[in-house]
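Trainee: Structure below; questions to follow.
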There are 2 protein chains.
Amino acid sequence: MKTDIEIAQEAKLKSIGDIAKDLHLTENDWEPYGHTKAKLSDNLLKKLQDKPNGKVILVTSINPTPAGEGKSTVTVGLGQALNKLNKKAIIALREPSLGPVMGMKGGAAGGGYSQVLPMEDINLHFTGDLHAITSANNALSAIIDNHIHRGNELNIDPRRVEWKRVMDMNDRVLRQIVVGLGGPLRGIPREDGFTITVASEIMAILCLSTGLEDLKKRIARIVIGYTYEEEPVTVKDLKIEGALTLLLKDAIKPNLVQTTENTPAIIHGGPFANIAHGCNSIMATKTAAKLGEYVVTEAGFGADLGAEKFLDIKSRAGEIDTAAVVIVATVRALKMHGGVDKNNLKEENVEALKNGMSNLKKHIETVEQFGLPYVIAINKFPTDSEAETDFIHHWCESHGAEVALTDVWARGGEGGIDLAKKVMAKADSDDRNFNYTYEINETLETKIRMIAQKVYGADNIELSQKAKKQLMFYEKQGWGKLPICMAKTQYSLSDDPTLLGRPEGFTVSIREVQASIGAGFIVVLTGEMMTMPGLPKKPAAYNMDVTEDGKIVGLF
Amino acid sequence: MKTDIEIAQEAKLKSIGDIAKDLHLTENDWEPYGHTKAKLSDNLLKKLQDKPNGKVILVTSINPTPAGEGKSTVTVGLGQALNKLNKKAIIALREPSLGPVMGMKGGAAGGGYSQVLPMEDINLHFTGDLHAITSANNALSAIIDNHIHRGNELNIDPRRVEWKRVMDMNDRVLRQIVVGLGGPLRGIPREDGFTITVASEIMAILCLSTGLEDLKKRIARIVIGYTYEEEPVTVKDLKIEGALTLLLKDAIKPNLVQTTENTPAIIHGGPFANIAHGCNSIMATKTAAKLGEYVVTEAGFGADLGAEKFLDIKSRAGEIDTAAVVIVATVRALKMHGGVDKNNLKEENVEALKNGMSNLKKHIETVEQFGLPYVIAINKFPTDSEAETDFIHHWCESHGAEVALTDVWARGGEGGIDLAKKVMAKADSDDRNFNYTYEINETLETKIRMIAQKVYGADNIELSQKAKKQLMFYEKQGWGKLPICMAKTQYSLSDDPTLLGRPEGFTVSIREVQASIGAGFIVVLTGEMMTMPGLPKKPAAYNMDVTEDGKIVGLF
């Protein structure tokens, strides 16, 4: 079987100029980055503001398992399938983070014959967006420490600096560090730590901004920490929002590439899906909606985290209407939710599958609560038995749910035709009555409870003493009208990663909360969230190489 | 008076495709990065290997002073002037580092009507080369700490890890840090520190590599530290040279831009000029030599550091023949070398100028020792008096030195015509008898002494006990046949920054040495070298901004 990079290298790419021409873009609308990548002008959205929007299709999934669901691959495959049906479809995806590529993943741009290309660039430095975010984040850090070092006019409490440095690398020893050692020439010593770049609030801001001015306003609002009197200190207080925005002047522009079948794809931004909202940028999704009849876009993790945040945070900020939802699952993953061990997934087990459907069922109910039409996509694996797929068909029929089998990894768009037809029917219908999970004017505590009960199926929430005090403080600061960004394990509907399927009768424990005032949401932590990954014993980087004639190996 | 960014924004740029076409480049020879930047293929040099080389003109200067010399501006202006004389001239420069741009400098791409453009990109992220170097450097760091954390098979002594993390930022609190705190999930605690990216050995390696394979070989040879038995540990031992090279696959490609007058410029690489060799890449200079009749290139700091390293390190590694040298000075700077305080530079002072000529005189002697023809370029300032410039003319005449006044900041190439004519005459003559400062097979100590005596005019060198022990160890390791990279203050010919003019009777004290085995040189430290700058009280970043319509301010 061919690897992803082999398939990618055999694909016949169009020049990005041809892709741009197919989208009726003029010369000022885009800039080339090499022959197969481009940046779209940040003025394009304004230019196209009177054009009607294409229909947005959100791809989400059951709670992810080690068995793999292939959500990105289905997203790409569905876009390709729509194009095969002569619809103008554009895919909007997140950009991969270099750290995990070097660590576990080896690559993250779809798979097989449903990839975005050039995958070797997209998986490495791409057009430099993540590097620009790293620079802006760390310029702010340097300015903060320089301010403290040079007299600390703002009276910043070094123990209460919440702004962390970032690096796009899996580097565990940077999780907890002490900086400023070595005497007066080396600044004021304090505890600090690095997170991975995609966990930077600047990444979340970039993805929620509607343009350059909005970006600057959001950056100005970032709360970097507190004074000795516990008053918030903002980027505006440090007078550095102009320089930070300047560092992001190109990163704000969405990136245009293509898939293995030359379907246009806009890849832009990639915030963490727990401490941030886990979606590609508003500018990417909205630009795609202006350029295509259909936009196929993806949110991180399962529907409990990704879809909820896409709809309650991103769509609220960006005024995005979702036409239909695709919920991706695999037979293998559903069997894991039904109790099968990872090592026994190859064996047919309809009973386990039946139990595992409870996980899918909850996500269906969630999408129904949002008032959106949906299609279940079962992403085919060679080990799926006929009895198993038959069971799924009967289950969906008896539950009134539309389902399509997809085979987009092996067959590209051709493997997603059935899904595409069903999704179009849903998206083109008027069968929608959209509701947010919560009204924005509720209190922070009420909003958290509504997500836990309505989306996770929890009985209740329990706030730690610390979290209670923080929420009171936030409400007093006037931050109570912001949406909630839940940081919960992706593996379970509950806050306990070992509870697969559909846990019931549980309480979600809230450990603490964090204020992402620039991004415009309150992060709610249900447990320890790792914002700087580590490398495994044998990092994926060990397999990577480039030969004298430029051939790349080890990305997959 | 207009600022650099205002002049830059008014310049009429050609599309980079037109610049490439003028250089007879075909479509496979280059890739666009936006409309006015390109990367040249790393195969271009091989393709053009049988083409005769253009003449390389090295621009160097007296020891820099706070008065300013304008070496980059003269380099750009000279290239433009040659083009005005209908010669095909190409400029080869270093890329600026973002850290100092945000800190003191605000920009570093020539000045006035002798700039390389688009300066707002070149000064910020440009084509991402420095970010790629940061990533490769820090991927290696993460791999080292991960190796130690996961059993330490190679028996690396955590106290003897010499490989540091890097960031392209002026951030003093990162100079000395402790990493790995917080328990077993956060790795092994050890002392560490960040240097600025341009001080990374990977930057030096990139600039001394002749291609992708050479790059990989050099990376494999990097010594990252020592085992508990004090044996060197290399990147090859860690098996990560393939992945690091892959991260640099685009950074190795030279960047093509243009000047305010549309003269082609290749801007690539920018290593520190003290702990590294301070020149743009071998690939940039050699590619420029294949594409043009004349290459105007620049080395860091004064001739004692920059030109010496350009000739003894870079030209030796890259087999580059230098046709002529330009030594840049200003009346103001020479007066400072003659004892005038920075605040009194506007006043005419021929006596001080006369004293200050001693500094220029030593650099002339150094260039003569190398056996190369040269022209003195006096870069005009509005405050220069006629008596002062007359004095310089008479001095040069009586010393048999060719001199030209230049006014390239205000007048572009037109202001460098006289210099261009004189340089061409020198470069086209056969008046050369090139010698290195030292033969490569001498011992390390002999080579250090020869640089100190012949280039700095020192009586002798004095090695600390530590340095003596290190040199013995290095010779034993087989590293004795490498060239020397002196890390000395740039402000004085001696190792004491306060001794201006031409100090005599001094001894150069060697504090310690460092092995840059991948780059292929031994760094000799004559004092404390700061490899991570700090920010000033009012960083240049405070003035930077970008407006809603994309207009950039605060870069200069």
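The values are calculated or read from the model by the stated rules, or taken from the named source; none is laboratory data. Being a predicted model, the structure only gives us computed values, none of them experimental. Reconstructed Cβ throughout: ideal geometry from the backbone, glycine too, with neighbour counts over all protein chains shown. Quick note on the areas: whole protein, heavy atoms, side chains included, nothing else; ligands and nucleic acids left out. Shrake-Rupley method; radii C 1.70, N 1.55, O 1.52, S 1.80 Å.
Trainee: Using a 10 Å cut-off on Cβ atoms, rank the peptides B:212-220, B:267-275, B:243-251 from the highest mean neighbour count down.
Mentor: Details: B:212-220: 21.2, B:267-275: 26.4, B:243-251: 23.8.
Highest-to-lowest ranking by the protection proxy: B:267-275, B:243-251, B:212-220.
Trainee: Something else about it: To the nearest 500 deg cm²/dmol, what mean residue ellipticity at 222 nm is calculated for chain A from DSSP H runs of n ≥ 4 alone, each contributing -39,500 (n - 2.57), summed and divided by the residues?
Mentor: Calculated mean residue ellipticity at 222 nm is -9000 deg cm²/dmol.
Trainee: Taking 8 Å as the Cα distance limit and 6 or more residues as the minimum spacing, I'd like the relative contact order of region A:272-368 as a percentage.
Mentor: Working: 88 pairs, mean separation 22.3, N = 97.
This gives 23 percent for region A:272-368.
Trainee: Quick one: if the Förster radius is 30 Å, what FRET efficiency do A:Asn435 and A:Glu528 give, using the C-beta to C-beta distance and rounding to 0.05?
Mentor: Working: r = 33 Å, r/R0 = 1.08.
Result of the calculation: an efficiency of 0.40.
Trainee: If you count the DSSP beta bridges with both ends in region B:444-525, what percent of them are antiparallel, to the nearest 5?
Mentor: Percent antiparallel among DSSP bridges in region B:444-525 is about 40.
Trainee: Hey, another quick one. For B:Thr322, what accessible area in Å² do you get when you roll a 1.4 Å probe over the heavy atoms of the protein chains, rounding to the nearest 10?
Mentor: Its heavy atoms expose roughly 10 Å² to the probe.
Trainee: Counting only other chains, and only Cβ atoms inside 10 Å, what mean value do you get across the residues of A:187-195?
Mentor: Working: counts 8, 2, 4, 1, 3, 3, 4, 3, 0.
Average neighbour count from other chains, rounded to a whole number: 3.
Trainee: If N is the number of residues in chain A, what value comes out of its Cα radius of gyration divided by 2.2 N^0.38 Å? The partial results should precede the final answer.
Mentor: Details: Rg = 22.9 Å, N = 556, 2.2 N^0.38 = 24.3 Å.
The reported ratio for this selection is 0.94.
Trainee: Here is a further query. How compact is region A:129-246 by the rule of thumb for globular proteins, expressed as Cα Rg over 2.2 N^0.38 Å? Numbers along the way, then the final one.
Mentor: Working: Rg = 14.1 Å, N = 118, 2.2 N^0.38 = 13.5 Å.
Computed over Cα atoms of region A:129-246, the ratio equals 1.04.
Trainee: Please report, to one decimal in angstroms, the Kirkwood hydrodynamic radius of region A:188-274 built from all distinct Cα-Cα pairs.
Mentor: Values: mean 1/r = 0.0666 Å⁻¹.
Radius from the Kirkwood sum: 15.0 Å.
Trainee: Taking beta carbons within 10 Å but only from partner chains, what does the mean come to for residues A:235-244?
Mentor: Working: counts 0, 0, 0, 1, 4, 5, 1, 10, 11, 4.
Going residue by residue through A:235-244 and averaging, the value is 4.
Trainee: While we're on this one: Using a ≥ b ≥ c from the Cα gyration tensor of region B:256-393 (square roots of the eigenvalues), is it rounded, prolate or oblate, where a/c under 1.5 gives rounded and otherwise the larger of a/b and b/c decides, a/b for prolate? Don't jump to the answer; show the numbers that get you there.
Mentor: Working: a/c = 2.18, a/b = 1.76, b/c = 1.24.
It is prolate, given that a/c is not under 1.5 and a/b is the larger ratio.
Trainee: Using a Cα-Cα cut-off of under 15 Å, which aspartates and glutamates could be cross-linked to A:Lys239, ignoring same-chain neighbours fewer than 8 residues away?
Mentor: Within the straight-line cut-off, A:Lys239 pairs with A:Asp145, A:Glu153, B:Asp545.
Trainee: Would you work out which of B:Tyr456, B:Ser509, B:Met486 lies farthest towards the positive end of the dipole of region B:444-525? Charges go on Cβ: Lys and Arg +1, Asp and Glu -1.
Mentor: Farthest towards the positive end: B:Met486.
Trainee: First measure r as the distance between the Cβ atoms of A:Asn343 and B:His24, then evaluate 1/(1 + (r/R0)^6) with R0 = 41 Å and state the FRET efficiency to the nearest 0.05. Spell out each step's value before the answer.
Mentor: On the way: r = 61 Å, r/R0 = 1.50.
About 0.10, to the nearest 0.05.
Trainee: For the pair B and A, how large is the buried accessible area, both sides, in square angstrom to the nearest 100, if the probe is 1.4 Å? Walk me through the intermediate numbers first.
Mentor: Numbers: alone 22770 and 22770 Å², together 39040 Å².
Buried area between the two chains comes out at roughly 6500 Å².
Trainee: Dipole of chain A (Lys/Arg Cβ +1, Asp/Glu Cβ -1, origin at the Cα centre): which of A:Met283, A:Met544, A:Leu405 lies farthest to the positive side?
Mentor: In chain A, that residue is A:Met283.
Trainee: Counting only residues 5 or more places away or on other chains, whose amide H sits under 5 Å from the amide H of A:Gly518 once H atoms are built in the peptide plane?
Mentor: Amide H neighbours of A:Gly518, under 5 Å, 5+ apart: A:Ile222, A:Val223.
Trainee: Can you pull the Rg over Rh of the protein assembly as shown, Cα-only, Kirkwood?
Mentor: The Rg/Rh ratio comes out at 1.00.
Trainee: Further question: Just subtract the alpha-carbon distance of A:Glu10 and A:Ala387 from 0.36 nm times their residue separation and send over the number in nm, one decimal. Don't jump to the answer; show the numbers that get you there.
Mentor: Values: separation 377, 0.36 × 377 = 135.72 nm, distance 3.58 nm.
Full-extension gain reported as 132.1 nm.
Trainee: In nanometres, what is the gap between the two model label sites at A:Tyr228 and B:Glu230, each 7 Å from Cα along Cα-to-Cβ?
Mentor: 4.9
Trainee: If you plug each phi of region A:487-493 into the Karplus form 6.51 cos²θ - 1.76 cosθ + 1.60 with θ = phi - 60°, what whole-Hz ³J(HN,Hα) values come out, in order, with x for Gly and Pro?
Mentor: 10, 10, 4, 7, 7, 9, 5
Trainee: On to the next question. For peptide A:124-132, compute the average count of partner chain beta-carbon atoms within 10 Å of each residue's beta-carbon. Walk me through the intermediate numbers first.
Mentor: Details: counts 7, 11, 1, 5, 7, 1, 2, 8, 4.
Taking all residues of A:124-132 together, the mean is 5.
Trainee: By how many degrees, between 0 and 90 and to the nearest 10, does the Cα long axis of helix B:282-291 differ from the longest principal axis of chain B?
Mentor: 40
Trainee: Report, please, the projected area of region A:62-216 averaged over directions, based on the convex hull of its C-alpha atoms, in nm². Let's see the in-between values first.
Mentor: Working: hull surface 51.4 nm².
Its average projected convex-hull area is 12.9 nm².
Trainee: With θ set to phi - 60° and the Karplus curve 6.51 cos²θ - 1.76 cosθ + 1.60, what are the ³J(HN,Hα) couplings of region B:410-427 in order, to the nearest whole Hz, using x for Gly and Pro?
Mentor: 7, 10, x, x, 3, x, x, 4, 4, 4, 4, 4, 5, 5, 4, 4, 5, 5
Trainee: To the nearest 10 square angstrom, what accessible area does A:Arg190 show with a 1.4 Å probe?
Mentor: Looks like 20 Å² after rounding.
Trainee: I've got another one for you. Express the relative contact order of region A:129-246 as a whole percentage, based on alpha carbon pairs under 8 Å and six or more residues apart in sequence. Write out the running numbers ahead of the final one.
Mentor: On the way: 166 pairs, mean separation 33.9, N = 118.
Relative contact order for region A:129-246 comes out at 29 percent.
Trainee: What number comes out for accessible area per residue over region B:380-464 if the probe is 1.4 Å? Units Å², please.
Mentor: Working: 4240 Å² over 85 residues.
Result: 50 Å² of accessible area for each residue.
Trainee: Filter A:Lys87/A:Lys217; B:Lys51/B:Lys84; A:Lys253/A:Lys426 down to the pairs with a C-alpha to C-alpha distance above 26 Å, please.
Mentor: Values: A:Lys87/A:Lys217 37 Å; B:Lys51/B:Lys84 24 Å; A:Lys253/A:Lys426 31 Å.
Cα-Cα > 26 Å for A:Lys87/A:Lys217; A:Lys253/A:Lys426; rest within.
Trainee: For chain A, give the percent of accessible area contributed by carbon and sulfur heavy atoms, probe 1.4 Å, rounded to a whole number. If you can, show how the numbers build up before the last one.
Mentor: Numbers: 9340 of 19510 Å².
Whole-percent figure for carbon plus sulfur exposure: 48.
Trainee: Taking only Cα atoms, what is the 0 to 90° angle, nearest 10, from helix A:350-369's long axis to the longest principal axis of chain A?
Mentor: 60
Trainee: For a 30 Å ceiling on Cα separation, which of these pairs sit above it: B:Lys466/B:Lys537; B:Lys55/B:Lys309; B:Lys346/B:Lys447; A:Lys105/A:Lys421? Write down the numbers at each step before the final one.
Mentor: Values: B:Lys466/B:Lys537 36 Å; B:Lys55/B:Lys309 19 Å; B:Lys346/B:Lys447 42 Å; A:Lys105/A:Lys421 32 Å.
Correct reply: B:Lys466/B:Lys537; B:Lys346/B:Lys447; A:Lys105/A:Lys421.
Trainee: Given a Förster distance of 30 Å, report the FRET efficiency between B:Thr446 and A:Glu548 from their Cβ-Cβ distance, rounded to the nearest 0.05. Please report the intermediate quantities before stating the final value.
Mentor: Working: r = 37 Å, r/R0 = 1.23.
Efficiency at R0 = 30 Å is approximately 0.20.
Trainee: Which order do you get for B:His125, B:His337 if you rank them by accessible area with a 1.4 Å probe, largest at the top? Kindly include the intermediate steps, with their values, before the conclusion.
Mentor: Working: B:His125 35, B:His337 10 Å².
Ranked from most to least accessible, the order is B:His125, B:His337.
Trainee: I've got another one for you. Could you tell me which of rounded, prolate or oblate describes region B:444-525, using a ≥ b ≥ c as the square roots of the eigenvalues of the alpha-carbon gyration tensor, with rounded for a/c under 1.5 and, failing that, prolate when a/b is larger than b/c and oblate otherwise?
Mentor: In terms of gyration-tensor shape, prolate.
Trainee: Helix B:386-398 against the longest principal axis of chain B: what's the angle in degrees, Cα atoms only, rounded to the nearest 10?
Mentor: Result, in degrees: 80.
Trainee: So what is the relative contact order for region B:74-158, in percent, with contacts set as C-alpha pairs under 8 Å and at least six apart?
Mentor: Details: 52 pairs, mean separation 18.4, N = 85.
Here the relative contact order equals 22 percent.
Trainee: Could you go through region A:236-242 in sequence order and give the Karplus-derived ³J(HN,Hα) for each residue, using 6.51 cos²θ - 1.76 cosθ + 1.60 with θ = phi - 60°, rounded to whole Hz, and x for Gly and Pro?
Mentor: Each residue's phi maps through the Karplus curve to give 4, 4, 8, 6, 10, 5, x Hz.
Trainee: Which cross-chain or sequence-distant (5 or more) residues have an amide H under 5 Å from the amide H of A:Thr234, H modelled 1.01 Å from N in plane?
Mentor: Result for A:Thr234 returns A:Ile224.
Trainee: Hey, what does the equivalent ellipsoid look like for region A:392-506, semi-axes from the Cα gyration tensor as sqrt of 5 times each eigenvalue, largest first, whole Å? Show your work: numbers first, answer last.
Mentor: Working: eigenvalues 277, 72, 41 Å².
Equivalent-ellipsoid dimensions as semi-axes: 37, 19, 14 Å.
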